[in-house]
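What follows is a single structure, written as structure tokens, with notes after it.
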Amino acid sequence: AGNWSVIADVTALPLDYLRDISELDVRFEQVVDGRLEWLQTNDQAPTGGANFRVSAGRIIEIEDNDVVLESGEGKLAFTLQNGNLESGTFDIGFPGTGFIDVDFEILGVVDDEARTLKGRTIAQIDDIGLIGQLALPGMDRISGRFSSDILFDGTLTDPSFNGGYELSGGLIHYAPIALRLEDIEFDGQVVRRDKASFNGSFRAGEGIGSLGGQFLFEDLENMQLDLEFSGDQLLLVNTDDLKVKTDTGLKIGFSPALLEINGHVKIPTARVTPANLVLEKISDSEDLVIESDVVGSGSEVIDEAKSRQVHGQLTVEFGEDVFVRVPGVETSVSG
């Protein structure tokens, strides 16, 4: 009961605390300075705001001690009035790499008692390596140039977003199978608050592929991704023991409840040449007793099956130029 307020001054707070919270493989040199003010009066909605400054610094890979990214000075600020968010700012630059600039304000009440939203976010990143590693941590290298310019509009209860984004000069490298998707180019459009689309192309070996799709994200529990993927003579595996080229046309739908895969994968050319092939018989122990043919409790398996179903029809076809070459073994592949 009664009035109370909090004023917190922050001095040289290490941003590296994010590494412990998020279990990241990088460390941060930046520190945070600023002030947070929060006022509560007679059980009324709070009023206050914050204004924080992030110092310039480097983001360094822990294992190799390599500099992943260098950032300039940044700013994070917001204001709160009678429990309502009034405005916000997030600005940070990356010397020689790009910047992110987000500004918005929430204006007065309109006829339906909803408050109007105005704002804009502009981003330009000349190398998405760090962001790519966070999004796809298993990949050995991700690079490319990303830019976006998106406007905020509508009301606070029914916001809308309108703008575009694009990626150019993209590369994805996955070393275990020597997968290299190069010259990745795509552009997309945000058409309302919960829908975005994109179209683009890429190169895999001498083959050219295309991809496109759309996102629907009313909320995290109802997110939907529809993706179309096609191409001819795509070199997707290129190791000493295995080389695979494919002609592909796939439609993939992904949501929390359902995975749909439809289309075809034709493999006109493949070389399977294992250098060391161990051929030996492996038998179960004579005293082996199987009490259950599933791993884990029955309820866990049922819950997992209910969480996401897999539907679709996928055709896989071998061409006439598919060979398995094993020293001392004659083989033929068909079907």
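For segment 200-216, indicate whether the set of residues that are charged (D, E, K, R) and more than 30 Å from Thr273 (Cα to Cα) is non-empty.
Checked against the condition, which is being charged (D, E, K, R) and more than 30 Å from Thr273 (Cα to Cα), segment 200-216 yields no hits at all.
Being assigned to a helix (DSSP H, G or I) and surrounded by 17 or more Cβ atoms within 10 Å (Cβ to Cβ) is the filter here, so list the residues in segment 130-160 that pass it.
Leu130, Gly132, Gln133
For segment 189-201, indicate whether the set of residues that are closer than 27 Å to Val237 by Cα, in contact (Cβ under 8 Å) with a residue 40 or more places away in the chain and either open to solvent by less than 30 Å² (accessible area, probe 1.4 Å) or not in a loop (DSSP other than H, G, I, E, B) (or both) is non-empty.
no
Let's see how each residue does on (1) part of a strand (DSSP E or B); (2) of a type in the set (Ser, Thr, Tyr); (3) within 38 Å of the chain's Cα centre (by Cα); (4) modelled with pLDDT under 65:
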{"position": "Glu286", "(1), (2), (3), (4)": "no, no, no, no"}
{"position": "Val289", "(1), (2), (3), (4)": "no, no, no, no"}
{"position": "Ser292", "(1), (2), (3), (4)": "no, yes, yes, no"}
{"position": "Glu304", "(1), (2), (3), (4)": "no, no, yes, yes"}
{"position": "Val310", "(1), (2), (3), (4)": "yes, no, yes, no"}
{"position": "Phe318", "(1), (2), (3), (4)": "yes, no, yes, no"}
{"position": "Phe323", "(1), (2), (3), (4)": "yes, no, yes, no"}
{"position": "Ser332", "(1), (2), (3), (4)": "no, yes, no, no"}
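Of all residues in segment 230-256, which are within 23 Å of the chain's Cα centre (by Cα), at pLDDT below 90 and open to solvent by 60 Å² or more (accessible area, probe 1.4 Å)?
Residue satisfying the conditions is Phe254 alone.
List the number of the failed condition for Leu167; all other conditions in (1) exposed (fewer than 15 other Cβ atoms within 10 Å of the Cβ); (2) within 17 Å of the chain's Cα centre (by Cα); (3) not aromatic (Phe, Trp, Tyr) hold.
Checking Leu167 against (1) exposed (fewer than 15 other Cβ atoms within 10 Å of the Cβ); (2) within 17 Å of the chain's Cα centre (by Cα); (3) not aromatic (Phe, Trp, Tyr), the one that fails is (1).
Here is a list of conditions, (1) open to solvent by 60 Å² or more (accessible area, probe 1.4 Å); (2) more than 30 Å from Val190 (Cβ to Cβ); (3) polar (S, T, N, Q); (4) at pLDDT 70 or above, and Thr269 meets all of them except one; can you say which number that is?
(1)
The values are calculated or read from the model by the stated rules, or taken from the named source; none is laboratory data. Remember, it's a predicted structure, so these values are computed and weren't measured experimentally. Cβ: placed from backbone, ideal geometry, glycine included. Neighbour counts: every protein chain shown. When the accessible area is computed, the model is the full protein with side chains, heavy atoms only, and any ligands, DNA or RNA have been set aside. Shrake-Rupley method; radii C 1.70, N 1.55, O 1.52, S 1.80 Å.
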